[in-house]
1. For segment 31-52: of the residues being within 27 Å of T194 (Cβ to Cβ) and open to solvent by 70 Å² or more (accessible area, probe 1.4 Å), which is farthest from the chain's Cα centre (by Cα)?
2. What pairs come up if the first residue lies in segment 270-286 and is free of Cβ contacts under 8 Å to residues at least 60 places away in the same chain, the second is open to solvent by 40 Å² or more (accessible area, probe 1.4 Å), and their beta carbons are under 6 Å apart, counting only those six or more places apart or on different chains?
3. Across segment 99-139, what is the total count of residues that are under 29 Å from the mean Cα position of the chain (by Cα) and open to solvent by 60 Å² or more (accessible area, probe 1.4 Å)?
4. What are the pairs with Cβ atoms under 7 angstrom where one residue, in segment 68-82, is under 14 Å from T419 (Cβ atoms) and the other, located anywhere, is of a type in the set (F, W, Y) and part of a strand (DSSP E or B)? Sequence gap at least six, or different chains.
5. If I ask for residues that are within 16 Å of V463 (Cβ to Cβ) and in contact with a Phe, Trp or Tyr (Cβ under 7 Å, 6 or more places away or on another chain), which ones from segment 381-427 would you list?
6. Please go through segment 497-521 and pick out each residue that is surrounded by fewer than 16 Cβ atoms within 10 Å (Cβ to Cβ) and among the hydrophobic types (A, V, I, L, M, F, W, C).
7. Take residues that are over 30 Å from A184 (Cβ atoms) and tell me which of the strands (runs of 3 or more DSSP E) falling wholly in segment 103-160 contain 1 or more.
8. Being at pLDDT 95 or above, touching a strand residue (DSSP E or B) at 6+ places or on another chain (Cβ under 7 Å), within 30 Å of V167 (Cβ to Cβ) and open to solvent by 20 Å² or more (accessible area, probe 1.4 Å) narrows it down to one of R274, R269, so name that one.
Amino acid sequence: DPPIGLPQTTGAGGLRFGGPFQFPQGRRDGFYLFTDTISGRRGRHTVKVGGEYRHFDNENFSEGTGSFNFPSVAAFLAGTANAFSITLGERSNHIDQRAVAFFGQDRIAVGSTLTLDLGLRYEWHVTPTERNNQFVVFDPGSASLLRVGVDIEDIHRQNKLNFEPRVGIPWTPASDGRTVVRAAYGSSVDEPSTTAVRDTATNPPFATPLAAAGSIPLDSAIERTAAGGLAPATIDHEFRNPSLRSWNVNVQQQIARNFAAMAGYFGSRGKDLRISRNLNQPVNGVRPFAALSLSSPILPGALLGNITQVESTGFSSYHALWLSATKRLSRGLLFDASYTWSKSLDTNSLNSSGFAVQDSYDIANQYGLSDYDARHRFIVSATYALPFTGHWATRGWQASVIVQSQSGNPVNIVTSNSTLNGTPNTVRPDVVGPIRIIGSVDQWFDTSAFVAVDRFGNLGRNVVIGPAFHNTDLSISKNGRLRDLGIQFRVDIFDLFNHPNFGPPGNIVGSPTFGKITRTRFSTGEGGSSRQIQLGVKLSF
């Protein structure tokens, strides 16, 4: 490969330089949408019907420097990684993805206080194609690499039976109209992004994906990895569209003329969610697919390493109590406040490429707190126009504040073991004692409760909770005029109280930073990282 940069190098103990390993890369997108809606009203019915046609044209190119992972700084100094991956060759693809949808909705006025919304939506997400037939997939039944459009017709099944019902009920039980009860249920289907199929265009004969785990010498990584076999990307031929069923019940009460409060329950359940796993994870040290079959149309008999398969075996659930209060603008004051008590569970969070599951043969074992779960979240935003109207120096002042506070997000405790499933930093340890949060930067939790073992550990996913987040932003402005010119002077203070918001603690058992916090939640200079003051002048004419 050409000298395009240093390999991305990471390791336990904060080691990180080089890369990024998937660059240089680029993409060009074209999106075309044709939609129309017709509505009419007759008697108690208000009917709306419509449809749309979507066409997404996605062109990608990329190269890569490769990626090393080291279990420790000592291993890096010795020049021995425990995982390495690289795709040799320049990669490009041109993906065509289309969809057709129709919907119908009927709003029925059952009475003066009750309305019923009934709807049904249908979608066909047409299986994507590649302009030059460069999609290549691994077929487990024949242990072969098959070229889509040449050896097989479609990269995965057509998902054209997507029916999505929706029901909504707003009810005003009292004649004064100050109380409104709402309930709703809906089912929706997601159109997968082109990243689900994109990487299949990096398989032979168009590129050579390689990956290896175990002891990898730094000076002969490509040669050693090539000897371990290809690492193709593929997608399950029975891939289904992810779907989500969601529901809610809430009560809104007008307390005063310009003040209202709401309390509600919100829930959802996802199924057929996209997840990536290693189809060739070793079983008792032996890979299920040692090599491509001799009948494979592409590279017959070639050795195989990890096989990353995109499939639809993930699932999720979400439940939340939501309280809110809203004051409309009166006497110069406007504010919104909300509190959410929630719990989000899933098998994987935002894992769109690669695989981060502990055991590819036990997806259910991944079910745990979502990476973004925050049990408590409180937000207040308020604006107050100061009531001074006399002298020019005192009138036109306004203050705005936004307060955010939430509990911490989960941290997944892992080991550097790379041989059990072919990927480092994904195998969890055993838990041998109570999980105790200490709360110190030098020791966020009791590290003695976790022990690395040479098997899949008994610790669940995302059981340790990281630091909370608290932030207050304040803005003070003054509006005035100079003849025909409007002037606004503004001072914005981000993280007003300079509250330290810490990032997650080190999560790799046995590493020097295990259990320690070494950075803030956000990079320096971003909102919530530290106090920042911004001055501004706005002219309008």
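1. In this case the residue turns out to be D36.
2. Final answer for the pair search is K271/F315; D272/R240.
3. The total comes to 5.
4. Final answer for the pair search is A81/F68; A81/F70; N82/F70.
5. N409, I413, V427, listed by residue number.
6. If the condition is that a residue be surrounded by fewer than 16 Cβ atoms within 10 Å (Cβ to Cβ) and among the hydrophobic types (A, V, I, L, M, F, W, C), then F497 is the only one that fits.
7. Values: elements: 115-125, 136-139, 144-147.
So the answer is 136-139, 144-147.
8. Checking each option against the conditions leaves just R269.
The values are calculated or read from the model by the stated rules, or taken from the named source; none is laboratory data. On a predicted model such as this, the values are computed, not experimentally measured, just so you know. Counting neighbours? That spans all protein chains shown, and the Cβs are built from the backbone with ideal geometry, glycine included. With ligands, DNA and RNA removed, areas are computed over all heavy atoms of the protein, side chains included. Shrake-Rupley method; radii C 1.70, N 1.55, O 1.52, S 1.80 Å.
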